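Note sheet for the following structure.
Every number in this text was worked out from the coordinates using simple rules, so none of it is lab data. Computed from a prediction, not measured in an experiment: that's the story for all the values here. Cβ coordinates were reconstructed from backbone atoms using ideal geometry, including for glycine residues, and neighbour counts include every protein chain displayed.
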Amino acid sequence: MNELNNIVKKIIGKGKGILAADESTGTMTKRLESVGVTSTSKNRLLFRETLFSSDAMKNYIGGVILYDETIKQSSLSKKKIPELIFNTGAIPGIKVDTGAKILANSSEEKITEGLDGLRDRLLEYYKLGARFTKWRAVYIISENYPSKLSIYSNAHALARYAALVQECGMVPIIEPEVLMDGNHGAEECFNKTSEVIKKCYDELLKHKVDLKGTILKPNMILPGSESKKNITTKKVAELTLKCLKISVPTEVPGITFLSGGQSEIDATKNLNSINLINDTNFVMTYSYGRALQQSALKFWSRDIKNIEGTQKIFNHRAKMCSLASQGNWSESLEKN
Ligand code: 13P
């Protein structure tokens, strides 16, 4: 099990975080079409390979989460994608859930699927070079949600997933994402997120998951995206830290936040604020999708042959996140 803890340490080493590049083909198609690029397998690979070949990989990215399509692809230089990532010093990972579907007897809440046949898929991904995995559960906030049923069912699935992943020699990322949608306040996000995370650990312990060989990927504590309430970054940091202190067992080595629809700057600023007051032993860093890729994708879409220009933008964003993971970021650095 020490082996798993060593993998975690490599992924979240000082100043490093995770690049979440595991958008499903459906999500990636929406992202590419939103910037006017046709979503072909070749284009999806070209953008991702541009990021994976950047200088940022060496210094700021400890792990990359891939999607099934990408982990099986080869780069333009004929290298397998996991090998390309491994050669930069980062660890290749893989999203292994098969998506969130409507929970039976609920009209809106979702349960994440993908347990059937998971052991066989994990063995295949291990052979392809993956050393960590991701499973994302989603929860909505409203007056009656998340329901006890969704909190329990998703925690149970996450625990079964995590136990299988460790059995196959990989590190499971536990991602319970309480969505930002809604007009709730930050206090409500705090209460619901705390309840969700606590239940996950109840189940993980029941399923004998070794917490030292796991990573938690939570949302930050924020007001709903449709609420008109303002919140300072200091308050976001205080609430987020308080939530994690009361709900995450101390054996967990690392917490890597999702960006969840925050702008690149907000996600960076809030991570920095969290690290400025982090008085726990948890490493607090990033596992961003949109907040690492958005500007790079926009730039790339204007000229998909401009690899160098795209990488420059990605390098900057990753550097800013890296500084934030150490509490060393400031807004003035964004202009450099
Ligand atoms: P975002 O940072 O864009 O929320 O993506 C992270 C992720 O992996 C969602 O599952």
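Annotations
- Alpha-carbon gyration tensor eigenvalues x 5, square-rooted, for the range 55-124, Å: 31, 14, 10
- Taking the number of Cβ atoms within 10 Å of each Cβ as an exposure proxy, the fewest-first ranking of Cys168, Cys243 is Cys168, Cys243.
- Sequence-distant contacts, meaning Cα pairs under 8 Å at least 6 residues apart, place the relative contact order of the chain at 18 percent.
- Whole-number percent relative contact order across the range 176-239, with pairs defined as alpha carbons under 8 Å at least 6 apart: 53 percent
- Less than 5 angstrom separates the built amide H of Ile94 from those of Leu66, Phe132, Thr133, Lys134, all sequence-distant by 5 or more or on a different chain.
- Only Lys, Arg, Asp and Glu carry charge here, each on its Cβ (+1 for the first two, -1 for the last two); on that basis the chain has a dipole of about 820 debye about its Cα centre.
- Whole-angstrom gap from the range 193-212 to the range 52-94, using each part's C-alpha centre: 30 Å
- Choice from Ser142, Ser106, Ser325 showing the highest fluctuation, given a GNM over the chain with Cα pairs closer than 10 Å: Ser106
- Gyration tensor (alpha-carbon) shape descriptor, the chain, a/c threshold 1.5: rounded
- FRET efficiency for Lys58 and Asn6, using Cβ-Cβ distance with R0 set to 22 Å, rounded to 0.05: 0.70
- Put simply, the amide H of Tyr286, placed in the peptide plane, has neighbours under 5 Å in Ile18, Phe257, leaving out anything fewer than 5 places away on its chain.
- As a calculated quantity, the FRET efficiency between Glu124 and Asp266 at R0 = 45 Å, using C-beta atoms, amounts to about 0.75.
- Take each peptide in 21-29, 286-294, count the other Cβ atoms within 10 Å of every residue, and average; sorted highest first, the result is 286-294, 21-29.
- For the range 248-254, Karplus couplings with θ = phi - 60° (6.51, -1.76, 1.60), whole Hz, Gly/Pro x: 10, x, 5, 5, 5, x, x
- Hydrodynamic radius of the range 248-328 per Kirkwood, over alpha carbon pairs, in Å: 13.4 Å
- Annotation: amide H-H contacts under 5 Å for Ile141 (H modelled 1.01 Å from N, sequence separation of 5 or more, or interchain): Leu179.
- Phi angles across the range 160-177 convert, under the Karplus curve 6.51 cos²θ - 1.76 cosθ + 1.60 with θ = phi - 60°, into 3J(HN,Hα) values of 5, 4, 5, 5, 5, 4, 5, 4, 8, x, 10, 8, x, 8, 9, 10, x, 9 Hz, Gly and Pro given as x.
- Inter-label distance, nm, simple model (7 Å from Cα along the C-beta direction), Leu149/Asp303: 5.5 nm
- Linear extension gain, Glu83 paired with Thr250, 0.36 nm per residue minus alpha-carbon span: 56.8 nm
- DSSP beta bridges in the range 66-169 [antiparallel fraction, %, rounded to 5]: 50 percent
- Fraction of beta bridges assigned by DSSP in the range 1-124 that are antiparallel (%, nearest 5): 35 percent
- Spacing of the two label points (7 Å from each Cα toward its C-beta) at Ser24 and Ile102, in nm: 1.5 nm
- Ordering Leu204, Val165, Ser330 by Cα displacement along the dipole of the chain toward the positive end leaves Ser330 in first place; charges were set at the Cβ atoms of Lys, Arg (+1) and Asp, Glu (-1).
- Among 54-64, 303-313, sorting by the average number of other beta carbon atoms lying within 10 angstrom of each residue, highest first, gives 54-64, 303-313.
- Helical contribution to [θ] at 222 nm, DSSP H n ≥ 4, -39,500 (n - 2.57), averaged over the chain, rounded to 500: -15000 deg cm²/dmol
- Debye-sum result for the range 187-268 in log10 I(q)/I(0), which assumes one identical scatterer on each alpha carbon, at q = 0.16, 0.18 Å⁻¹: -0.64, -0.79
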